[in-house]
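**Q** I'd like to ask you about the structure that follows.
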Amino acid sequence: MAYYIGIDGGGTRTTVGIADSAGRELLRKTGPAGIVDPRRPAATAELLIGLISEASVGAGLDGAAAALCAGLAGVGNATERELVESALARAGVATRVAVISDGETALYGALEGGPGILVVSGTGSVAYGRAEDGRTQRCGGWGKYIGDDGGGYEIGRAGLRAALLGLDGRGPETTLLPTLLDVLGLAVPEAIPPWIARAEKSEVAMLAVHVLRASERGDQAAREIVAEAALDLAAHVTALVERLGPWSTPPRVVLHGGVASDPIFAPYVERVIQASSGPVQLRKSAADAVTGAIEYARALT
């Protein structure tokens, strides 16, 4: 039986989906983070090959898939993308293999291949857009050191910084310090710098929810962080609306990712986008990134 594989590999987890020739999903398998480390791209390929094998066995399938699309975080550089793609092809997991960014597969699923803009705020942040004439553009997604504005890592890092600024008297008093010390199991503020120096990006990003909840409770420092994050995400939309125009109708905008989908943060971000990005149509995602990857794979044949 001909079958197709779609993969969504983000900074937190990887999900492999298998579908039949009609696009009906047969099985999903979840594993560790699928973000590509530029120092060890082969390690990501090995992880994917193992997950694909487990998923294929679980679905009772033999032989190579007709096509595979892997949407992975960290493949903005063509070198890493091609290395992972070549490794998957050599492993014989599929007759045709495509490796693209996780944002592109999410865009494909969210808008069913049509025009519009997808704003991703999860562990990191990025936005992807497709124009009415088929052009695609990315905005942001430059990583935790110089980008990811409005993403979980940046919100979590800003929360830790605000907590220490408040302690110094250089910022407003905030409940973030005791909250984050408790969450991290740290006894004293001096333990925060060595903790973040050793922490994975996803560990810092997980602190974002506590900053969002503190904002909801009225904490001034947390509210300033959340307001800045919303403005940062709205700026992604504004830039893509301009770069991908003209639009015959207001472009569709979909929010995606764990932070962007937060029940408190999402409505706030939507209001900021509507106020600053001109006429847009805020929509719910039509399908998730795994489905987008599967449909992309089906389009390869």
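**Q** Answer yes or no: is there a residue in region 23-33 that is of a type in the set (A, V, I, L, M, F, W, C), outside the structural domain of Glu132 (by TED's automatic domain parsing) and modelled with pLDDT of 90 or more. Working first, answer last.
**A** So the first thing to find is which residues in region 23-33 are of a type in the set (A, V, I, L, M, F, W, C), and the list is 26-27, 33.
Narrowing the set further to residues that are outside the structural domain of Glu132 (by TED's automatic domain parsing) leaves 26-27, 33.
Keeping just the survivors that are modelled with pLDDT of 90 or more gives 26-27.
Checking region 23-33: at least one residue is of a type in the set (A, V, I, L, M, F, W, C), outside the structural domain of Glu132 (by TED's automatic domain parsing) and modelled with pLDDT of 90 or more.
**Q** Return yes when Arg271 is surrounded by fewer than 24 Cβ atoms within 10 Å (Cβ to Cβ), under 27 Å from Thr12 (Cα atoms) and not aromatic (Phe, Trp, Tyr) and no when it is not.
**A** Working: surrounded by fewer than 24 Cβ atoms within 10 Å (Cβ to Cβ): yes; under 27 Å from Thr12 (Cα atoms): no; not aromatic (Phe, Trp, Tyr): yes.
In short, no.
**Q** Could you go through region 110-125 and let me know if any residue there is among the hydroxyl-bearing types (Ser, Thr, Tyr), in contact with an Asp or Glu (Cβ under 6 Å, 6 or more places away or on another chain) and at pLDDT below 95. Walk me through it before giving the result.
**A** In the first step, residues of region 110-125 are kept if they are among the hydroxyl-bearing types (Ser, Thr, Tyr); the result is 121, 123, 125.
Then keep just the ones that are in contact with an Asp or Glu (Cβ under 6 Å, 6 or more places away or on another chain); that gives 125.
This time we only want the ones that are at pLDDT below 95, so: 125.
Yes - at least one qualifying residue is present in region 110-125.
**Q** Can you name every one of the helices (runs of 4 or more DSSP H) wholly within region 112-205 that holds 1 or more residues which are basic (Lys, Arg) and surrounded by 15 or more Cβ atoms within 10 Å (Cβ to Cβ)?
**A** Values: elements: 152-168, 176-184, 192-198, 201-205.
Answer list for region 112-205: 152-168, 201-205.
**Q** Restricting to region 127-152, name every residue that is in contact (Cβ under 8 Å) with a residue 40 or more places away in the chain and out of contact with any Ser or Thr (no Cβ under 8 Å at 6 or more places or on another chain).
**A** Answer for region 127-152, where residues must be in contact (Cβ under 8 Å) with a residue 40 or more places away in the chain and out of contact with any Ser or Thr (no Cβ under 8 Å at 6 or more places or on another chain): Ala127, Ala131, Arg135, Gln137, Cys139, Lys144.
**Q** Can you give me the number of residues within region 245-278 that are of a type in the set (Val, Ile, Thr), over 18 Å from Glu112 (Cα atoms) and either in a loop (DSSP other than H, G, I, E, B) or free of Cβ contacts under 8 Å to residues at least 24 places away in the same chain (or both)?
**A** Residues that pass the stated criteria total 2.
**Q** A follow-up question, please. Can you tell me which residue is farthest from the chain's Cα centre (by Cα) among those in region 48-81 that are modelled with pLDDT under 90 and part of a helix (DSSP H, G or I)?
**A** The extreme case among them is Thr79.
**Q** Moving on to the next point. Please enumerate the residues belonging to region 247-284 that are among the hydroxyl-bearing types (Ser, Thr, Tyr) and farther than 29 Å from Glu224 by Cβ. Don't jump to the end; show me each part of the working.
**A** First, pick out the residues of region 247-284 that are among the hydroxyl-bearing types (Ser, Thr, Tyr): 248-249, 261, 268, 276-277.
Answer for region 247-284, where residues must be among the hydroxyl-bearing types (Ser, Thr, Tyr) and farther than 29 Å from Glu224 by Cβ: Ser248, Thr249.
**Q** Filter region 1-43 for residues that are farther than 18 Å from Val97 by Cα and touching a helix residue (DSSP H, G or I) at 6+ places or on another chain (Cβ under 6 Å) and give the result.
**A** Hits for region 1-43 are Gly10, Gly11, Thr12, Leu27, Lys29, Gly31, Pro38.
**Q** Now, a different point. Filter region 83-120 down to the residues that are small (Gly, Ala, Ser) and in contact with a helix residue (DSSP H, G or I) (Cβ under 6 Å, 6 or more places away or on another chain), then identify the one that is farthest from Val241 (Cα to Cα).
**A** Ala91
**Q** Exactly one condition in (1) within 29 Å of Glu200 (Cα to Cα); (2) free of Cβ contacts under 8 Å to residues at least 60 places away in the same chain is false for Asp102; which is it?
**A** All conditions pass for Asp102, except number (2).
**Q** I've got another one for you. Every residue in region 82-107 that is farther than 14 Å from Ile5 by Cα, within 21 Å of the chain's Cα centre (by Cα) and among the hydrophobic types (A, V, I, L, M, F, W, C), please.
**A** Matches in region 82-107: Val84, Ala106, Leu107.
**Q** Also, quick follow-up: Filter region 1-17 down to residues that are under 20 Å from the mean Cα position of the chain (by Cα) and within 17 Å of Ala94 (Cβ to Cβ), then give me how many there are.
**A** Start the filter on region 1-17 by keeping residues that are under 20 Å from the mean Cα position of the chain (by Cα), which leaves 5-17.
Then keep just the ones that are within 17 Å of Ala94 (Cβ to Cβ); that gives 5-9, 14-17.
Total meeting the criteria: 9.
**Q** Among (1) in contact (Cβ under 8 Å) with a residue 24 or more places away in the chain; (2) under 22 Å from Ala214 (Cα atoms); (3) small (Gly, Ala, Ser), where does Ala191 come up short?
**A** The number of the failed condition is (1).
**Q** Looking only at residues in region 279-294 that are of a type in the set (Gly, Ala, Ser) and not in a loop (DSSP other than H, G, I, E, B), which one is surrounded by the most Cβ atoms within 10 Å (Cβ to Cβ)? So that I can check it myself, show each step before the final result.
**A** Of region 279-294, the ones of a type in the set (Gly, Ala, Ser) are 285-287, 289, 292-293.
Filter once more, keeping what is not in a loop (DSSP other than H, G, I, E, B): 289, 292-293.
Working: Ala289: 29, Gly292: 30, Ala293: 33.
Restricting to residues being of a type in the set (Gly, Ala, Ser) and not in a loop (DSSP other than H, G, I, E, B), the top hit is Ala293.
**Q** What number of residues within region 82-101 satisfy the criterion of being assigned to a strand (DSSP E or B) and hydroxyl-bearing (Ser, Thr, Tyr)? Step through it out loud before you land on a result.
**A** We begin by selecting, within region 82-101, every residue assigned to a strand (DSSP E or B); these are 94-101.
From the residues that got through so far, the ones that are hydroxyl-bearing (Ser, Thr, Tyr) too are 95, 101.
Adding up the residues that qualify gives 2.
The values are calculated or read from the model by the stated rules, or taken from the named source; none is laboratory data. Computed from a predicted structure; not experimentally measured. No Cβ is skipped: glycine too gets one built from the backbone with ideal geometry, and neighbour counts run over all protein chains shown.
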